[in-house]
Amino acid sequence: MKVGIVGLPNVGKSTVFNSLTRAGAEARNYPFTTIDPNLGVAVVPDGRLPALAEVMGSKKVVPATVDFVDIAGLVRGASRGEGLGNQFLGHIRECDAVAHVVRCFEDENVVHVHGGVDPVGDAETINTELLLADLATVERRLERTSRAAKSGDAKLKAEVAELERLRDHLSAGESARGFAGGSEALEEILRSLITAKPTLYVANVHEESVADGDRCSADVEKFAAHEGAEAVRISARLEAEVAELPEEEAREYLGMLGVESTGFEGFIRAAYRLLGLITFFTAAEKEARAWTVREGSTARRAAGRIHTDMERGFIAAEVGNWEDVVAAGSWAKAREEAKVRLEGRDYVVRDGDVMLVRFNV
């Protein structure tokens, strides 16, 4: 999973990125501090994995990870190339999902490119530029296809009609996420559009507003709900501070603020829901590992995430729920208690499954 972090300059994108990945990206109080995209990997927090590793006697624990891309701030006119917009838009197109950071904090020491805090207005500015970029992409494709359709090819004529419908949809200010696809050619075009990507709005709030929120974050949540998107509340400054503390001190600090967990955990859970992802586990003496797959994946497909040889030579999988395995105290004991069952290639993997794959090389 590769998530692009976008937003206006100085909304806290690089601080969010650093707190999630500890990558040390430069974060300064002026626009376009980030030029080239910063790449980082964040560990997905999951309390099930260490519990499983303990009962399995695993020597190594390997959590799931998420790739984040810190993309430079977009500005009005980005779709026309303003502020290196074309380059930045290209970076977004390479991502699986978009985390749209909007500023919900006041700080006289951090300039706002539009003069004041207005999260909904900021989000609309970015969305307009992304829509215009997508519209330009569709219009170019429409122009080429229309010329080719003059040959009388029925398939190309049908594609022209679909492209015109998509163009009108985008021109009306609607994102590509809400467009009903049609032919295979149109589905290919939709996959190339930025506004077709799953989007998560991130309200970057003051530390004191993390627990209960405020008017600004509530406005962001309403805006996201209107789009059929999700929103999370996070304090980039708080996340950055917590990331530097030992685990016990971090828990105490969060407790003082009335927060049970960091915003990153909610961020990851929302991202998983957004992309329809689940986690399954493998565990043995050597290592316990978390794997990410699409919801609805079969056992054979999940085996391919571990190794392609396992997918090709898949025979069956022993499957148990992580809670049952932990409660039993070992995989062998879980087998004895009939908490482990044998499943075939078409078994649909569930979140929290522990799998032992049998395969031929």
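Quick check on the stretch 296-359: take the gyration tensor over C-alpha atoms, sort the square-rooted eigenvalues as a ≥ b ≥ c, and tell me if it's rounded (a/c under 1.5), prolate or oblate.
It is prolate, given that a/c is not under 1.5 and a/b is the larger ratio.
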Charge context of Ala334, other residues only, Cβ under 13 angstrom, K/R +1, D/E -1: -2
Zero-based 20 Å bins, Cα pair distances in the chain, whole percents: 26, 49, 24, 1
Equivalent ellipsoid dimensions for the stretch 126-195 as semi-axes, Å, which come from the Cα gyration tensor, largest first: 22, 12, 9
Burial order of peptide ranges 189-200, 172-183, 135-146 (average beta-carbon count within 10 Å, highest first): 189-200, 135-146, 172-183
Neighbourhood charge, 9 Å Cβ-Cβ cut-off, centred on Glu318 and excluding it, Lys, Arg +1 and Asp, Glu -1: +2
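Please give the calculated 222 nm ellipticity per residue for the chain, where each DSSP H segment of at least 4 residues contributes -39500 (n - 2.57) and the sum is spread over every residue; nearest 500 deg cm²/dmol?
Mean residue ellipticity, 222 nm, calculated: -13000 deg cm²/dmol.
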Stretchable slack from Asp96 to Glu318, in nm (0.36 nm times residue separation minus alpha-carbon distance): 76.8 nm
In sequence order, calculated HN-Hα J values of the stretch 316-321 (Karplus, 6.51, -1.76, 1.60; Hz; x Gly/Pro): 6, 9, 7, 10, x, 6
Fewest-first sequence of Asp214, Asp309, Asp219 by Cβ atoms within 10 Å of each Cβ: Asp309, Asp214, Asp219
Max mean-square fluctuation residue, GNM over the chain, Cα-Cα springs under 10 Å, options Met310, Met56, Met256: Met256
Whole-number percent relative contact order across the stretch 296-359, with pairs defined as alpha carbons under 8 Å at least 6 apart: 49 percent
Whole-number percent relative contact order across the chain, with pairs defined as alpha carbons under 8 Å at least 6 apart: 18 percent
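Here, each number is a calculation from the coordinates, and none is a lab measurement. Computed from a predicted structure; not experimentally measured. No Cβ is skipped: glycine too gets one built from the backbone with ideal geometry, and neighbour counts run over all protein chains shown.
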